[in-house]
Amino acid sequence: MADLRTSVPPQLAQATSTTSIMLDVIIALMPALIMGIYVFGWRALTVTLVSVAACVVWEWLYRKVMKKPQMVGDFSAIVTGILLAFVCPVTLPWWTLVIGAFFSIVVVKQLYG
């Protein structure tokens with residue numbers, strides 16, 4: 001009978017923070033953003049920047065009004081903004097992105113966790 005030996009997994013355990021995970025996600029999304037700009041033009045970048053800015057502002061504003069500690073520095077609002085922009089057409093008006101960012105951040109992320 002074969003001797004089966006088990007050992008510890010080869011991965012190194014390391015402490016990870018939300019900020020480092022979100023930075024990894026942002027880096028992973030960059031090729032898709034670059035391809036979106038290549039295919040749809042600079043309007044794709046504009047939509048993404050508006051979406052990210054709106055998400056960051058809504059998160060900052062909500063946490064300020066609710067007197068909670070600011071979490072904007074963990075980059076999760078930036079990831080939310082990028083993902084929101086990825087599911088919207090490039091012809092979408094900017095104000096629709098701002099409303100979508102409100103629902104993404106305030107209603108879904110902050111109220112529902």
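The values are calculated or read from the model by the stated rules, or taken from the named source; none is laboratory data. In this text the structure is predicted, and so the values were computed from the model without any measurement. For neighbour counting, all protein chains shown are included, and Cβ atoms are generated from backbone atoms with ideal geometry for every residue, glycine included. All accessible areas refer to the heavy atoms of the entire protein, side chains included, with ligands and DNA or RNA removed. Shrake-Rupley method; radii C 1.70, N 1.55, O 1.52, S 1.80 Å.
Considering segment 13-31, the residues that are among the polar types (S, T, N, Q) and in a helix (DSSP H, G or I) include one that is farthest from SER104 (Cα to Cα), namely SER20. Checking each residue in segment 30-55 for being among the hydrophobic types (A, V, I, L, M, F, W, C) and either buried (at least 17 other Cβ atoms within 10 Å of the Cβ) or touching a Gly at 6+ places or on another chain (Cβ under 9 Å) (or both) picks out ALA44, LEU45, VAL47, LEU49, VAL50, VAL52, ALA53, ALA54, CYS55.
Rundown of residues vs (1) at pLDDT below 95; (2) over 20 Å from THR18 (Cα atoms); (3) assigned to a helix (DSSP H, G or I); (4) in contact with a Pro (Cβ under 8 Å, 6 or more places away or on another chain), yes/no style:
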{"residue": "LEU33", "(1), (2), (3), (4)": "no, yes, yes, no"}
{"residue": "VAL39", "(1), (2), (3), (4)": "no, yes, yes, no"}
{"residue": "ILE78", "(1), (2), (3), (4)": "no, no, yes, no"}
{"residue": "ALA85", "(1), (2), (3), (4)": "no, yes, yes, no"}
{"residue": "VAL107", "(1), (2), (3), (4)": "yes, yes, yes, no"}
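Number of residues in segment 92-105 that are of a type in the set (Val, Ile, Thr) and under 14 Å from the mean Cα position of the chain (by Cα): the value is 1.
So which residues in segment 90-112 are over 28 Å from ILE37 (Cα atoms) and open to solvent by 90 Å² or more (accessible area, probe 1.4 Å)? If the condition is that a residue be over 28 Å from ILE37 (Cα atoms) and open to solvent by 90 Å² or more (accessible area, probe 1.4 Å), then LEU111, TYR112 are the ones that fit. Taken over segment 56-89, the residue count meeting the criterion of being surrounded by 13 or more Cβ atoms within 10 Å (Cβ to Cβ) and within 17 Å of MET30 (Cα to Cα) is 13. All conditions but one from (1) of a type in the set (Val, Ile, Thr); (2) open to solvent by less than 80 Å² (accessible area, probe 1.4 Å); (3) more than 20 Å from ILE99 (Cβ to Cβ); (4) at pLDDT 95 or above apply to ILE27; the one that does not is (2).
The set of residues in segment 41-73 that are in a helix (DSSP H, G or I) and of a type outside the set (A, V, I, L, M, F, W, C) comprises ARG43, THR46, THR48, SER51, GLU59, TYR62, ARG63, LYS64, GLY73. Checked against (1) within 27 Å of VAL107 (Cα to Cα); (2) at pLDDT below 95, MET1 meets all criteria but (1).
Contact annotation: residue pairs with Cβ atoms under 7 Å, 6 or more positions apart or on different chains, pairing a residue in segment 51-65 that is more than 19 Å from PRO93 (Cα to Cα) with a partner that is open to solvent by 70 Å² or more (accessible area, probe 1.4 Å) and among the aliphatic types (A, V, I, L, M), are GLU59/MET71; ARG63/MET71. Number of residues in segment 46-91 that are within 15 Å of the chain's Cα centre (by Cα), over 18 Å from LYS109 (Cα atoms) and of a type in the set (A, V, I, L, M): the value is 3.
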